[in-house]
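Quick note: the coordinates plus some simple rules give every number you see, no bench work behind them. Computed from a prediction, not measured in an experiment: that's the story for all the values here. Methodologically, a virtual Cβ is constructed for each residue, glycine included, from the backbone with ideal geometry; neighbour enumeration extends over all protein chains shown.
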Amino acid sequence: MPNFMLDDLDRRLLRQLQADPTLSMAELADRARTTAARAARRVERMEADGVIVGQEAVLDWPALGFAVHVSLRITVDKAAPRALDELMAAARKVPEVAEMQTFLGRVDLRLSVIARDMEHYQETYRERILALPHIADIEALLTISTVKDEGGLPI
């Protein structure tokens with residue numbers, strides 16, 4: 001159960017911020033059908049309450065020269081007591097690891113790896129990924145296309 005109750009104005013503000021976090025307060029207020037002062041108070045309250053935790057720039061990896069995106073599903077060798085923690089700490093140091101997620105089930109960890117091309121990916125995989133500790137099994141899924149990536153919440 002959330003600690004913060006959203007009303008209709010909060011939802012309108014959040015929808016607009018998700019669509020375009022660069023809006024000025026006046027533009028945000030206009031799009032949410034309220035005054036700039038009221039919008040500012042609401043946004044400030046939602047930031048203070050942890051509903052809004054920041055803004056981010058979303059980079060287009062291919063536009064920056066990263067044409068290869070591979071999802072690695074990893075099962076951890078659980079013989080060592082802190083195997084998952086040690087694996088994650090080592091994976092954080094690999095610059096090509098763009099995202100990490102942990103799971104319950106057969107797969108323990110997913111690494112999202114980006115590379116300029118297949119040669120760069122193979123080098124990263126052989127020299128950095130396979131050198132990570134405590135990997136019992138690894139499966140690579142090469143991203144062919146992204147069908148849906150909305151990122152925002154349906155509010």
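Is it possible to state the helix-based mean residue ellipticity at 222 nm for the chain, with each DSSP H run of 4+ residues giving -39500 (n - 2.57), the sum divided by total residues, to the nearest 500 deg cm²/dmol? What is it? Each step should come with its number before you reach the end.
Values: 5 runs with 50 residues, N = 155.
Rounded to the nearest 500, the figure is -9500 deg cm²/dmol.
Over every pair of different alpha-carbon atoms in the chain, take the mean of 1/r and invert it; report that Kirkwood radius in Å. Walk me through the intermediate numbers first.
Working: mean 1/r = 0.0537 Å⁻¹.
Its Kirkwood hydrodynamic radius stands at 18.6 Å.
Between segment 49-66 and segment 17-33, how many Å separate their Cα centres?
Here the answer is 18 Å between Cα centres.
Sort 71-79, 116-124 by packing, meaning the average of other beta carbons within 10 Å per residue, with the highest value first.
Answer by packing, highest mean first, reads 71-79, 116-124.
If a/c stays under 1.5 just call it rounded; otherwise compare a/b with b/c (prolate if a/b is bigger, oblate if not). Do that for segment 93-152, with a ≥ b ≥ c from the square roots of the Cα gyration tensor eigenvalues.
Numbers: a/c = 1.84, a/b = 1.11, b/c = 1.66.
Oblate shape, in that a/c is at least 1.5 and b/c is the bigger or equal ratio.
Could you please rank Lys93, Lys148, placing first whichever residue has the fewest other Cβ atoms within 10 Å of its Cβ?
Least to most surrounded, the residues fall as Lys148, Lys93.
Suppose the chain between Gln55 and Met100 were pulled fully straight at 0.36 nm per residue; how much longer would it get relative to their current alpha carbon spacing?
Working: separation 45, 0.36 × 45 = 16.20 nm, distance 1.99 nm.
Result for the pair: 14.2 nm of gain on full extension.
Below 8 Å between Cα atoms, with a sequence gap of 6+, how large is the relative contact order for segment 1-140 in percent? Walk me through the intermediate numbers first.
Details: 157 pairs, mean separation 32.9, N = 140.
Averaging sequence separation for qualifying contacts and normalising by length gives 24 percent for segment 1-140.
Please compute the contact order of segment 62-142 in relative form: average sequence separation of alpha-carbon pairs under 8 Å and at least six residues apart, divided by the residue count, as a percent. Show your work: numbers first, answer last.
On the way: 132 pairs, mean separation 39.5, N = 81.
RCO, segment 62-142: 49 percent.
Sort Val51, Val58, Val147, Val113 so the one with the fewest other Cβ atoms within 10 Å of its own Cβ comes first.
Val147, Val58, Val51, Val113
Hey, for a label at Ala136 modelled as a point 7 Å past Cα toward Cβ, could you say which residues of segment 67-102 have their backbone N under 17 Å away?
Under cut-off, by backbone N: 73-88, 102.
In what order do Phe103, Phe66 fall by count of nearby beta-carbon atoms within 10 Å, going from fewest to most?
Ordered by Cβ neighbours within 10 Å, fewest first: Phe103, Phe66.
Any chance you could tell me what percent of the C-alpha pair distances in segment 8-48 go past 14 Å?
Counting every Cα pair in segment 8-48, those more than 14 Å apart make up 32 percent.
Once you've got the GNM for the chain with C-alpha springs shorter than 10 Å, pick whichever of Pro81, Pro62, Pro95 has the biggest mean-square fluctuation.
Comparing Pro81, Pro62, Pro95 in the GNM, the peak value goes to Pro81.
Quick check on segment 45-114: take the gyration tensor over C-alpha atoms, sort the square-rooted eigenvalues as a ≥ b ≥ c, and tell me if it's rounded (a/c under 1.5), prolate or oblate.
oblate
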